[in-house]
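The block underneath contains the structure these notes are about, expressed in structure tokens.
The values are calculated or read from the model by the stated rules, or taken from the named source; none is laboratory data. Bear in mind that the values here come from a model prediction, so they are computed numbers and not experimental data. Virtual Cβ from ideal backbone geometry, glycine too; neighbours counted across all protein chains shown.
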Amino acid sequence: MVSTYILLAWTWARAAMAYRASFALMAVLGTVLAATDVAVILVIFANTTSLAGFSHDEVLFLYGASNVAFCFCDMFVGNVDRISRHIKAGTFDAMLIRPVSPWIQLATDNFSPTRAGRIAQAAAVLAYALAALDLDARRLWMVPVMIVTGVVIFASLWTLAASVQFVLTDAPEVVNAFTYGSGQLTQYPFSVYARDLVRGVTYALPLAFVNWQPGLYVLGRDDPFGTPSFMRFLGPVAAVGLALPAWLAWRRGIRHYRSTGS
Amino acid sequence: MSTRRSQGPPGPAAALNPLPAARPRAHNPALPSADPRAGPRTARHRAITLRRCETIPFHAPFHAPFHAPLYARLVRYGFRKHATYVWGALAGAFTNSVFGVLRAYVLIALWEARPGLAGYDVTHAVTYCFVTQAFIGPMQLFGGGLDVPERIRTGDIALDLVRPASLQLWSMAEDLGRAGYLFLVRGIPPVLLGAALFGVVRPSGFAGWAGFAACFLAGWAVGFAWRYLVALSVCWLVDDRGVQVGSLVLTTLLSGMMIPLPLVPGPLGELVRALPWAAMAQAPADVYLGTAPPLETLAFQASWAVALLALGALGTRAIRHKVVIQGG
Amino acid sequence: MIELDRAGRSFKVRREVVHAVRDLSFTIAAGEFVGCLGPNGAGKSTTIKMLCGILTPTSGRVRVAGLDPSRRRTTLARRIGVVFGQRTTLWWDLPLRDSFELIRLLYNVDRVAYRSRLDELTETLGLGDFAAKPVRQLSLGQRMRGDLAAALLHAPDVLVLDEPTIGLDVVSKAGIRDFLRRLNSEQGTTVLLTTHDLGDIERLCRRVMLIDHGRLAFDGTLDDLMATAPGRSTIEEVVTRLYTTGRETAR
């Protein structure tokens, strides 16, 4: 599985790197584009010292932790949401006749290493925030755990988004609200959002476990919404709880695939 | 005609393809004239062409002297063409609405910390957020929306350029139809959702709505003019993705779509509020909120629209030179 | 080698159930060369897609090389080669050579076997001239030869082709036909193809199947087919008669 992934990704990467100048330009511009979200946070904190009870550095920590996971998924999994294009163009048929999972073929299709710049950008923000905040070193073990959790949650979301497109071939854009919307939602401390919305993204769609709940633990803070402290450690459970239905939905989607044309 | 043409400023195409200045050009009345000084000066012409765009085929007998019906029809076709993607547009409206809600909460938190910031109250800030999300579709703030790059890539642009009508006006008319459709389907839902969830302000009275309508159109014109320039760049670039992404960065950040521009501090703030991107979202949103004077805002937008459309007209001429005359 | 037992596939189109294929049963033995005819929309492509696991049948049983295609799709992929005439299975932006290399790695083809197989295919299909070009720059004839080679690199037992000669000029057609005939006779590869080109049937297929309205309307040798309409001299006339009477009885 993994070796096939690397192989396919490498083939696409080589094709992308054939045009060096445009490759470098895209890497730089992609990083700048991703950094516009940081620019927004900086502009906000040029006008205030605290947002919904969280400081500049704390917000950057939450942003960085979520965005490392999000950009990682965007690079390595995000292409699966282009499935409706492949279905319409008939190229999904070609993926189904290969002895490799179509999920891997989709994820690596047109794989471009230029997106690595975004991960680097998010990682730099996270590193800055970790250095700037005076954190309890005994709690830092949670940082890698929350990033892996975030990767699994976002990857599951993207897989769900792709599965939905077996049915929703006419309006694939609707899934952007869930994939990119989740990326946007987790950039800020959840204390800015309304209680009901936070309940929804904790118990229905477990986005709170990407960076909010584990992040509170790392920052050594109580949840303003008053959830019990054991919730801070439930991230991996939530991730598996989302990955399972995503995998089932994908399998179901393949079995109901209708193909197009004559 | 060919000699007068060579006296004009050398366009980018001329720089790329040095050509004997007095190369004779077959005078085919079906080919649009590239002479900026040609043409009848009727009031209507001035009204629709903005500085008498030189690509209007004044010598084409079957369209002279008045093209309004043609462009009116193109507006309708543009509208209809996009009306076939109703599900896609609704999906876009949904996404814009979701992002509107998420951004609104962030702005609410900011205005709770700093009431009255930038002359807005909380309701202003929330309204700003949903109105700018509503602009994404009609103003095409994420770029694209034009057929020109694809037509240049496939070479079909040559067919468009020999039509006795300006490519720029043609695209502009179609884009107006697109904007009109997306205003209805992608523009209205986010604002209605914002009104239902948080409450939004509205322009007051007829004058308020009229001012907003004018500034909205002017904002669209600046947006179109900019996207048209980006689209033309394909003609000179092997890979246009760089320009596309560059434009995306500039537009999302500097239009005020992600954050109200009055929040940007210092001289940097002064600068970004004077650039053309501010005319695309910040300016019409401020007129909607009633936090900016409509006439001054309109003048600001119109000057950018004229400047960018004139650049686009020059670019169109350069492309014609490259594609039609040199057969490149 | 290929076995269909009352296989069917239906689609729901606006609450109505449309049967693209219903109760289709046939068996193709190893080494056969079978041509499949039928008017547009008769269910040929749906049948092909069920054979290679792209579509899951809604009823009945399908077996290819002893495997259920929809459940064992990736296992079956190593034993079957598929070519779609209307669309390529190659990577549009990669040079043909890179597409082949990718297929070698995807299918885990042994390097030595791959080398000799590719040389042989390059020779017989004349791929040498354009192997370095990206697929999108190939002519239709070149692309089809590339697609054929790609489908055969892993030495499949069965080759399934959906309209392989569509849109090709006479020379390209003749080349493809000659190649398929030799593949079948010299290597014993089982071939099933669908076509609208009766020349393909006449020159290649020992056995002809005619699918209409999702059912098998005829199955036999070319001579049997000709015998169904005694007064008619050409295959065109015979097939035209079969298509039109099929339409009438369906009404």
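What the table shows:
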| quantity | calculated |
| --- | --- |
| Among the candidates C:53, C:38, C:43, residue that is within 12 Å of chain A (Cβ to nearest Cβ), more than 22 Å from residue A:94 (Cα to Cα) and either in contact with a Phe, Trp or Tyr (Cβ under 6 Å, 6 or more places away or on another chain) or surrounded by 18 or more Cβ atoms within 10 Å (Cβ to Cβ) (or both) | C:38 |
| Restricting the range C:156-188 to residues that are free of Cβ contacts under 8 Å to residues at least 40 places away in the same chain and part of a loop (DSSP other than H, G, I, E, B), the residue that is surrounded by the fewest Cβ atoms within 10 Å (Cβ to Cβ) | C:169 |
| Residues of the range C:102-131 that turn out to be of a type outside the set (D, E, K, R), more than 22 Å from residue A:109 (Cβ to Cβ) and not in a helix (DSSP H, G or I), as a count | 3 |
| Test: residue in the range B:151-166 that is within 14 Å of chain A (Cβ to nearest Cβ) and among the small types (Gly, Ala, Ser) | no |
| Any chance residue C:77 is in contact (Cβ under 8 Å) with a residue 24 or more places away in the chain and either more than 8 Å from chain A (Cβ to nearest Cβ) or hydroxyl-bearing (Ser, Thr, Tyr) (or both) | no |
| Residue in the range B:299-309 that is within 30 Å of residue A:118 (Cα to Cα), of a type in the set (Phe, Trp, Tyr) and out of contact with any Cys (no Cβ under 8 Å at 6 or more places or on another chain) present | no |
| In the range C:198-229, residue surrounded by the fewest Cβ atoms within 10 Å (Cβ to Cβ) [restricted to those that are assigned to a loop (DSSP other than H, G, I, E, B) and at pLDDT 80 or above] | C:206 |
| Test: residue in the range A:139-149 that is charged (D, E, K, R), closer than 17 Å to residue A:38 by Cα and assigned to a helix (DSSP H, G or I) | no |
| Cβ-Cβ under 6 Å pairs, at least 6 apart or on other chains, the range A:3-29 side within 8 Å of another protein chain (Cβ to nearest Cβ) and under 20 Å from residue A:74 (Cβ atoms), far side small (Gly, Ala, Ser) and surrounded by 13 or more Cβ atoms within 10 Å (Cβ to Cβ) | A:25/B:242; A:29/B:246 |
| Checking residue A:243 against (1) surrounded by fewer than 22 Cβ atoms within 10 Å (Cβ to Cβ); (2) within 14 Å of chain B (Cβ to nearest Cβ); (3) assigned to a helix (DSSP H, G or I), the condition it does not meet | (2) |
| Qualifying residues in the range B:108-121 (those that are touching a residue at least 12 places away in the same chain (Cβ under 8 Å) and facing chain A (nearest Cβ under 9 Å)) - the one surrounded by the most Cβ atoms within 10 Å (Cβ to Cβ) | B:110 |
| Flag for residue A:21 being farther than 22 Å from residue A:147 by Cα, of a type in the set (A, V, I, L, M), modelled with pLDDT of 90 or more and not in a strand (DSSP E or B) | no |
| Qualifying position, being out of contact with any Pro (no Cβ under 6 Å at 6 or more places or on another chain), polar (S, T, N, Q) and within 14 Å of another protein chain (Cβ to nearest Cβ), among B:291, B:316, B:252, B:297 | B:252 |
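A quick yes/no check of all residues on (1) more than 10 Å from chain B (Cβ to nearest Cβ); (2) at pLDDT below 95:
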{"residue": "A:132", "(1), (2)": "yes, no"}
{"residue": "A:136", "(1), (2)": "yes, yes"}
{"residue": "A:142", "(1), (2)": "yes, no"}
{"residue": "A:146", "(1), (2)": "yes, no"}
{"residue": "A:153", "(1), (2)": "yes, no"}
{"residue": "A:178", "(1), (2)": "no, yes"}
{"residue": "A:185", "(1), (2)": "no, no"}
{"residue": "A:188", "(1), (2)": "no, no"}
